[in-house]
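In what follows, a single structure is set out as structure tokens and then discussed.
Just so you know, all these numbers are worked out from the coordinates, no wet-lab data involved. Computed from a predicted structure; not experimentally measured. Here the Cβ is made from the backbone with ideal geometry for all residues, glycine too, and neighbour counts use every protein chain on show.
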Amino acid sequence: MSQPRSAAEIGALYQELILDHYRRPRNKGTLEKADASVEVKNPLCGDEIGLQVAFDGDCVCDLKFSGRGCSISQASASMMTQLVKGKSTEEIDAIRKQFRDLMLGNASAADDPRLGPLRALSGVARFPARVKCALLAWNALESALAERSP
Ligand code: ZN
């Protein structure tokens, strides 16, 4: 964060981005043909996420999510699908690790540009109960990738 912006300004921008993804989710719906399909729940908050993934070789060529729950869980799912679409499973693993580190309190992970819009969720790390909400879509993706690997 080298921009000359106050923490409050950044917080407001991040809040706006989260609400934007919550209100206008990207890649929400179902795929006509999916190679992996998983459903995960976060009983603590009542969040539900269904994820369908289509692969092309080592690449996640398309994915869509469905679900309901709090703004953090749904915005995180929307951002996740936008970020990983078209990427290789290796690239996705690296992003997933960085995001998990960020959520577990490693604030310097937020400097990684690969995280893209997910950096807007960095404040969630301060609220352990919400970290599960933010990671739910990534758990779904992890299961979908595992389902596909032999
Ligand atoms: Zn939640």
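Could you run through the range 101-118 and say how many residues are buried (at least 22 other Cβ atoms within 10 Å of the Cβ) and touching a residue at least 24 places away in the same chain (Cβ under 8 Å)?
Number satisfying all stated conditions: 2.
On the basis of being over 13 Å from Met80 (Cβ atoms), in a helix (DSSP H, G or I) and out of contact with any helix residue (DSSP H, G or I) (no Cβ under 6 Å at 6 or more places or on another chain), does Ala140 make the cut? Walk me through how you get there before you give the answer.
Working: over 13 Å from Met80 (Cβ atoms): no; in a helix (DSSP H, G or I): yes; out of contact with any helix residue (DSSP H, G or I) (no Cβ under 6 Å at 6 or more places or on another chain): yes.
So Ala140 fails the test.
Would you mind finding the one in Asp101, Asp58 that is over 12 Å from the mean Cα position of the chain (by Cα) and closer than 14 Å to Lys132 by Cα?
It is Asp101.
When only residues in the range 22-66 that are charged (D, E, K, R) and surrounded by 14 or more Cβ atoms within 10 Å (Cβ to Cβ) count, which is farthest from the ligand (Cβ to nearest atom)? So that I can check it myself, show each step before the final result.
So the first thing to find is which residues in the range 22-66 are charged (D, E, K, R), and the list is 23-24, 26, 28, 32-33, 35, 39, 41, 47-48, 56, 58, 62, 64.
In the following step, the residues that additionally are surrounded by 14 or more Cβ atoms within 10 Å (Cβ to Cβ) were identified as 26, 28, 35, 41, 47-48, 62, 64.
Values: Arg26: 19, Lys28: 17, Asp35: 28, Lys41: 10, Asp47: 4, Glu48: 10, Asp62: 26, Lys64: 20 Å.
Only one residue fits best here, namely Asp35.
Do we have any residue at all in the range 35-47 that's among the polar types (S, T, N, Q) and either in a loop (DSSP other than H, G, I, E, B) or without any contact (Cβ under 8 Å) to a residue 60 or more places away in the chain (or both)?
Within the range 35-47, none of the residues are among the polar types (S, T, N, Q) and either in a loop (DSSP other than H, G, I, E, B) or without any contact (Cβ under 8 Å) to a residue 60 or more places away in the chain (or both).
I need the full set of residues from the range 67-85 which are surrounded by 16 or more Cβ atoms within 10 Å (Cβ to Cβ) and more than 17 Å from Ala129 (Cβ to Cβ), in order please.
The answer is Gly67, Ala77, Ser78, Met79, Met80, Thr81, Gln82, Leu83, Val84, Lys85.
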